[in-house]
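Trainee: Got a structure for you, written out below as structure tokens; questions coming shortly.
Any read-out appearing in this document is the output of simple, stated calculations on the displayed coordinates, not a laboratory observation. Quick caveat, the model's predicted, so the values are computed rather than measured. Counting neighbours? That spans all protein chains shown, and the Cβs are built from the backbone with ideal geometry, glycine included.
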Amino acid sequence: MEDLNAFLEPGMLVKHPDQPDWGTGQVQSNINGKITVNFREEGKVVINGYRISLSPVYK
């Protein structure tokens, strides 16, 4: 199985493709396909990088 988010690093901004109401999130960690993201409207969420492809946000 491929980690769709292997390039994500702490500090990067992302959006969840299925949860637009969560707003922009900041990557806290990315370890073995488990990405912890702190979303503006949802708070801290752990995402399975093998199942969900987060979208990077560029300022």
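Trainee: Looking at the chain, identify the longest residue range that excludes and avoids all chymotrypsin sites (Phe, Trp or Tyr not before Pro) in DSSP loops having at most 13 other Cβ atoms within 10 Å.
Mentor: Between exposed loop sites, the widest span is 8-57.
Trainee: For a quick check: with amide H placed at 1.01 Å from N, whose amide H comes under 5 Å from residue 34's, ignoring anything fewer than 5 positions away on the same chain?
Mentor: 49
Trainee: Once both labels are modelled 7 Å past Cα along the beta-carbon direction, what's the residue 45-residue 3 spacing in nm?
Mentor: 2.0 nm
Trainee: Let me ask something else. Just want the ordering: 21, 3, from fewest to most Cβ atoms lying within 10 Å of their own Cβ.
Mentor: Lowest count first: 21, 3.
Trainee: Further question on the same structure: Tabulate in residue order the Karplus-calculated ³J(HN,Hα) for segment 41-53, using 6.51 cos²θ - 1.76 cosθ + 1.60 with θ = phi - 60°, rounded to whole Hz; enter x for Gly and Pro.
Mentor: Per-residue couplings from phi come out as 9, 10, x, 7, 9, 9, 10, 7, x, 7, 10, 10, 9 Hz.
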